[in-house]
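We did not get these values from a lab; they are worked out from the coordinates using the rules stated. Just so it is clear, the structure is predicted and the values come from calculations on it, not from any experiment. So basically every Cβ, Gly included, is an ideal-geometry build from the backbone, and we count neighbours across all protein chains shown.
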Amino acid sequence: MKIAILIDRPRWEEKRLLDAALKKGLKPILLNLNEIILDLSRIQFDDYDLVLQRCISHYHGLYASKILEDVGLKVMNKFSVSAILGNKLFLTLLLNKAGIKTPRTYIAFDREKAEEAIEKLDFRAVVKPLVGSWGRYVTPIFSKQEMKPILDLFDNIMHPPNNVYYVQELVERPPRDIRMIIAGKDIIACVYRNSKEGVWATNVAQGAITTPCELNEELKSLAEKISKTLNGGIFGIDVMESKEGYLVNDVNPTPEFKGAQACTAHDIAEKIIEYVVNG
Amino acid sequence: MSKLVKCELCDADIEIQDDVVVGELITCPECGSEYEVVKVTEKGVIIKEAEKIEEDWGE
């Protein structure tokens, strides 16, 4: 089986995926988007059986997926799925429609209306850019006094396509969240991401430390529901432990797993490659 | 055996792992400067200053 691992900046994860594919006896290559030019009137690609999309840039991955799918290649995850998951507004709509609980979310197209939304949340809110990751610019507001200066700063990064106010309730939670990685119906990793001391965010990229998290029936059912909604694929699901129960905060189409691997007994990259091969 | 490359900013040694690939980002352990690997040879690697982290980078 010929498999292309699509990259623009190879990370630790992509090298582990390459190793796992080699170990499985496949013929993998790292296809680096920064080393190619594409003639859209005559797109030619080797006859890969599958392309595993692992770009660090959301838009690079998205555009390349569209091109590759258009010439008939099978891309994982699919362009249509990555397009939704890469945008917090689209993702929240999808989860809400599927009956999956998320933090309460308001969208405002105007600054005054954004302030009104934050007031509705008793001035305890989180503002986020629609597209972005590693928790960058995700900013909590804990009081009325903080709202104006934070929104003033936020206005500076509100260029298209991020020029919409995505305002979420500030969920009361322990200083951690749960990260599940799923491949199809299987949960291949489940860990807590414990915030670094003095940091509000739970992203490993912001210093969070992972510890094992035991799966329970509720988490299993949540993962199954998300897998079914997205019709299979490889995803990183972030879950908050609120007083009212689990809330899904994010679903990532190209999950990093170095942090999860640190406290997972089996090889996550091997599990991903097994899913890619066997479906 | 891992390779070493000098940080262009602070002159510290940056250790390069054996499985290094072109395009990979490496960080100076001393000053935190980010570099991109542009070439891998038998003798070592060639690096250049990395691009800044873009808003759509990450998982």
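Some observations on this one:
- Remark: for residue pairs A:Lys27/A:Lys78; A:Lys78/B:Lys52; A:Lys78/A:Lys243, the C-alpha separation exceeds 25 Å in A:Lys78/B:Lys52; A:Lys78/A:Lys243.
- Angle in degrees between helix A:217-230 and the longest Cα principal axis of chain A, rounded to the nearest 10: 70
- Cβ-based net charge around B:Cys28, under 10 Å, with every Lys or Arg adding one and every Asp or Glu removing one: -4
- Of A:Lys74/A:Lys225; A:Lys2/B:Lys39; A:Lys148/A:Lys225, those spanning more than 27 Å from alpha-carbon to alpha-carbon: A:Lys148/A:Lys225
- Bridge type composition, chain A - antiparallel percent by DSSP, nearest 5: 75
- Charged-residue dipole, Cβ positions (Lys, Arg, Asp, Glu), segment B:3-49 about Cα centre, Debye nearest 20: 200
- Look at the stretch B:46-57: the mean tally of other chain Cβ atoms within 10 Å of its residues' Cβ atoms is 5.
- Whole-Hz Karplus values for segment A:58-75 come out as 4, 6, 4, x, 5, 5, 5, 4, 4, 4, 5, 5, 5, 8, x, 7, 8, 10 Hz, taken residue by residue from phi with 6.51 cos²θ - 1.76 cosθ + 1.60 and θ = phi - 60°; glycine and proline positions read x.
- Centroid-to-centroid separation of segment A:50-108 and segment A:233-250 [C-alpha atoms, Å]: 17
- GNM flexibility winner over chain A from A:Glu146, A:Glu256, A:Glu35 (Cα, springs under 10 Å): A:Glu35
- Rounded to the nearest 20, the Cβ-based charge dipole of chain A about its Cα centre (Lys and Arg +1, Asp and Glu -1) stands at 260 debye.
- Spatial separation of Cα centroids for chain B and segment A:125-199, in angstrom: 29
- Only aspartates and glutamates eight or more places from B:Lys43 in sequence, or on another chain, were considered; those with a Cα closer than 16 Å are B:Asp13, B:Glu15, B:Asp18, B:Asp19.
- With a cut-off of 11 Å between beta carbons, the residues surrounding A:Gly259 carry a summed charge of 0, where Lys and Arg count +1 and Asp and Glu -1.
- Global geometry of chain B, whether rounded, prolate or oblate, following the gyration tensor of its Cα atoms and the 1.5 cut on a/c: oblate
- Other residues within the sphere of radius under 14 Å centred on the Cβ of A:Lys225, judged by their own Cβ, net out at +2 (K and R +1, D and E -1).
- GNM on chain A, alpha-carbon springs under 10 angstrom: the most fluctuating residue among A:Ile234, A:Ile36, A:Ile181 is A:Ile36.
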